[in-house]
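Visitor: Next up is a structure, given as structure tokens.
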Amino acid sequence: MTEQGLLGPSPIITAKSLHKMYGPHVALESVNLEIPKGATGILGPNGAGKSTLFKCLLGLIGTTSGEGSVLGYDIKTEGELIRSKIGYMPEYNSLDPSLFAVDQVRYAGELLGMNPNQASQRAHEVLEYVGLKDQRYREIETFSTGMLQATKLACALVHDPEILICDEPTNGLDQRSRAFILQTLRRTVNEGGRSVIMSSHVMDDVEDVCESIVMIHKGRIVVQRSIEDLVNQVEKEIELVIWGGASKMESELSSDNLRARRLGRVIRVKMDDDSTVSKILQAAVRAEVQVRQMKQYEPDLEDIFLLIMDKLGAEIKGTSDLMTPDHIGGAVHD
Ligand SMILES: Nc1ncnc2c1ncn2[C@@H]1O[C@H](COP(=O)(O)OP(=O)(O)O)[C@@H](O)[C@H]1O
Ligand SMILES: [Mg+2]
């Protein structure tokens with residue numbers, strides 16, 4: 001059983017030993033996935049294989065080997081059926097600039113098999129849902145990036161799909177449009193009871209919307225679990241702000257078998273048990289330093305991400321570095 005199998009009995013998406021090659025280039029390697037109902041973030045740097053994974057799951061491109069299913073349908077033979085049950089918001093602009101937004105969305109509905117009346121009615125509804133009620137009769141070529149993304153989202157939602165797959169939905173958006181798109185995705189999960197799978201190279205986006213996370217790195221899945229589990233699994237630390245000799249303090253801590261790491265005047269000490277705090281205070285007395293602040297350090301997802309990437313040996317120092325395609329040897333700024 002994979003880790004993800006612990007999250008729930010019936011995943012909506014599965015993949016087993018999925019491989020995808022583009023000529024000699026390996027884009028996906030031995031991908032095993034079990035995505036539960038709800039909101040899942042697919043996180044990875046540019047070139048990691050996120051878009052390729054989505055296209056394979058939607059049956060838009062063939063896989064080289066392996067198996068996969070979406071809502072129980074086979075990705076190799078039932079792609080069309082899968083696409084009729086899923087909303088897909090692609091990474092790149094898929095809109096016709098000369099159309100009114102309402103016609104574009106209606107057209108998307110008709111392509112998905114809806115009758116013209118039904119598609120037209122839904123086009124109005126979903127455009128209102130994505131905040132474009134007043135722009136329905138504007139040509140798409142006049143739209144901002146945020147409005148284009150919202151229109152793509154409306155096209156993906158027109159047939160009221162059970163699963164919404166969004167490929168980098170916030171890419172290129174300003175803060176306001178980004179917040180709106182993320183809020184709409186959250187609403188689709190929380191109020192609409194739908195599942196959302198979104199890719200991003202930004203941890204914050206995923207953290208805002210998703211309960212579980214899949215990290216992908218060079219075509220391989222490196223982490224697959226709920227965000228809650230991920231946060232709980234990380235070692236707790238005590239963070240100290242000290243005044244005085246930080247190096248002396250460090251050596252006093254390590255002489256007492258405490259594991260400390262130093263970030264300027266801040267020292268983080270691994271919390272072993274209840275005695276850790278008093279050991280720290282004793283070390284401070286021996287080192288003759290003043291402890292200005294001491295608190296339990298709560299790692300956020302960004303820290304966890306860095307820990308994982310550290311273990312992978314990648315020189316990623318922040319999610320901004322995820323923008324770099326082959327981050328090995330990338331700039332170190334800390
Ligand atoms: N059509 C294609 N032909 C050849 N290589 C491709 C093609 N599409 C993607 N790739 C390569 O496959 C890898 C994964 O790409 P992609 O799935 O687009 O990653 P992501 O969406 O995570 O940025 C990259 O190295 C990319 O250059
Ligand atoms: Mg992509």
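Visitor: Check Lys37 against each of (1) free of Cβ contacts under 8 Å to residues at least 40 places away in the same chain; (2) assigned to a loop (DSSP other than H, G, I, E, B); (3) under 29 Å from Glu191 (Cα atoms) and name the one condition it does not meet.
Guide: Unmet condition: (1).
Visitor: When you scan segment 207-276 for strands (runs of 3 or more DSSP E) that lie fully inside it, which ones turn up with 2 or more residues that are of a type in the set (Asp, Glu) and more than 30 Å from Thr63 (Cβ to Cβ)?
Guide: 237-243
Visitor: Which condition number in (1) within 13 Å of ligand 1 (Cβ to nearest atom); (2) outside any strand (DSSP E or B) is the one that Ile42 fails?
Guide: Unmet for Ile42, out of (1) within 13 Å of ligand 1 (Cβ to nearest atom); (2) outside any strand (DSSP E or B): (2).
Visitor: Residue check: is Ala123 surrounded by 23 or more Cβ atoms within 10 Å (Cβ to Cβ) and closer than 24 Å to Lys55 by Cβ?
Guide: Spelling it out, it is not the case that Ala123 is surrounded by 23 or more Cβ atoms within 10 Å (Cβ to Cβ) and closer than 24 Å to Lys55 by Cβ.
Visitor: Which condition number does Glu29 fail, the rest of (1) within 16 Å of ligand 2 (Cβ to nearest atom); (2) touching a residue at least 60 places away in the same chain (Cβ under 8 Å); (3) outside any helix (DSSP H, G or I) being met?
Guide: (1)
Visitor: Could you please find all residues in segment 199-219 being of a type outside the set (Gly, Ala, Ser), within 16 Å of ligand 2 (Cβ to nearest atom) and over 8 Å from the mean Cα position of the chain (by Cα)?
Guide: Those that are of a type outside the set (Gly, Ala, Ser), within 16 Å of ligand 2 (Cβ to nearest atom) and over 8 Å from the mean Cα position of the chain (by Cα): Ile216, His217, Lys218.
Visitor: Give all pairs with beta carbons closer than 8 Å in which a residue from segment 212-236 that is within 10 Å of Lys50 (Cα to Cα) and in contact (Cβ under 8 Å) with a residue 12 or more places away in the chain meets a residue that is among the aromatic types (Phe, Trp, Tyr) and surrounded by 14 or more Cβ atoms within 10 Å (Cβ to Cβ); count only pairs at least 6 apart in sequence or on separate chains.
Guide: Partner pairs satisfying both residue conditions: Met215/Phe305.
Visitor: Right, here's the next one. If we scan segment 124-138, do we find a residue that is assigned by TED's automatic domain parsing to the domain that holds Phe54, of a type outside the set (Lys, Arg) and either closer than 30 Å to Leu18 by Cβ or assigned to a strand (DSSP E or B) (or both)?
Guide: No, every residue in segment 124-138 fails to be assigned by TED's automatic domain parsing to the domain that holds Phe54, of a type outside the set (Lys, Arg) and either closer than 30 Å to Leu18 by Cβ or assigned to a strand (DSSP E or B) (or both).
Visitor: Restricting segment 45-82 to residues that are within 11 Å of ligand 1 (Cβ to nearest atom), among the small types (Gly, Ala, Ser) and assigned to a loop (DSSP other than H, G, I, E, B), which is surrounded by the fewest Cβ atoms within 10 Å (Cβ to Cβ)?
Guide: Gly47
The values are calculated or read from the model by the stated rules, or taken from the named source; none is laboratory data. Computed from a predicted model, the values in this text were never measured in an experiment. Note: ideal-geometry Cβ built from the backbone for every residue, glycine included; neighbour counts use all protein chains shown.
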